[in-house]
Amino acid sequence: MKKSDVPQDTGISEDIQVVSYATEDDGRYVKVGSSGWEPINVANGLAWQEIDDEICTTIADIKRGILSPLAFYMVASQMDVALLAQYMSLFKWRVKRHLCPEVFARLKPRLKQKYATLFRVSVDDLERVPDLIDYGKRS
């Protein structure tokens, strides 16, 4: 693709430039900043919709008492049990237990603080779930 043909379709990334490679008139490859490309913007939009749906489902499960608030922070951070266990230096089975509301409520303050520090929230925030998630404009 020629340097002048690099797409500049603004999407989710808004002001963020993505590096693309294109050719100059003399045939040399150069790096060119791109605002995006429509197919990539559509794919990113669908991916974020999928994440939003998973977060909404998780919040509903927490409110019904099926999951602990820890599940929200795990899903919102796009983590699974294995990754969270790795970051926390815990066995996966322990993290799975912490997703149970009754077990989570009995966690020692030190362990809750460790989770809160990982997710960059206070322990009070870790123990409750926000009603609305705002990641900023994504369209």
key: Cα gyration tensor, segment 52-100 - rounded (a/c under 1.5), prolate or oblate   = oblate
note = Most exposed first, judged by fewest Cβ atoms within 10 angstrom, 54, 127, 102 run 102, 54, 127
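Read the figures in this text as sums done on the coordinates, not as results from a lab. Worth saying up front: this structure is predicted, and the values here are computed from it rather than measured. Backbone-built Cβ (ideal geometry, glycine too); neighbour counts: all protein chains shown.
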